[in-house]
1. For labels at residue 70 and residue 89 in the simple 7 Å Cα→Cβ model, what's the distance in nm?
2. Using bins 5 angstrom wide from zero, how does P(r) for segment 24-113 break down, in % of all Cα pairs?
3. What spacing in nm lies between the two simple spin-label points modelled at residue 29 and residue 97, each 7 Å away from Cα in the Cβ direction?
4. In deg cm²/dmol, rounded to 500, what helix-only [θ] at 222 nm does the chain give when every DSSP H run of at least 4 residues adds -39500 (n - 2.57) and the total is split over its residues?
């Protein structure tokens, strides 16, 4: 029999909640980027890539929000692909590397509590 005071395995930690809310808000910033000169400079393929990337990011964040075991791995793969594309096309920043890596560390740290 489980102890009543034992937290549920899938209970979402506050740090995951904060990360997800900030991530959802961050996805909204893709809208102006779609129409920015930067997206035109990169190439005609970049807008569809941003849309696809935003949808994949949304799925990953929803997985983290719902504390799914696949979410940390999916988010890490999403980050790796995004970094490769950004580095290849020289549209990266330190922020675009550091923040996703911190999110990966936190997500994997709570992976044992996900179902």
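1. With each label placed 7 Å out from Cα toward Cβ, I get 2.7 nm.
2. Per 5 Å bin, starting at 0, the Cα pair percentages come out as 3, 13, 23, 26, 18, 10, 5, 2, 0.
3. Calculated label separation equals 1.8 nm.
4. On the way: 6 runs with 81 residues, N = 115.
Roughly -22500 deg cm²/dmol at 222 nm, from the helical runs in the chain.
Each reported figure results from applying straightforward, stated rules to the coordinates on display, with no laboratory input. Just so it is clear, the structure is predicted and the values come from calculations on it, not from any experiment. Positions of Cβ are generated from backbone atoms using ideal geometry, with glycine treated the same way; all protein chains shown enter the neighbour counts.
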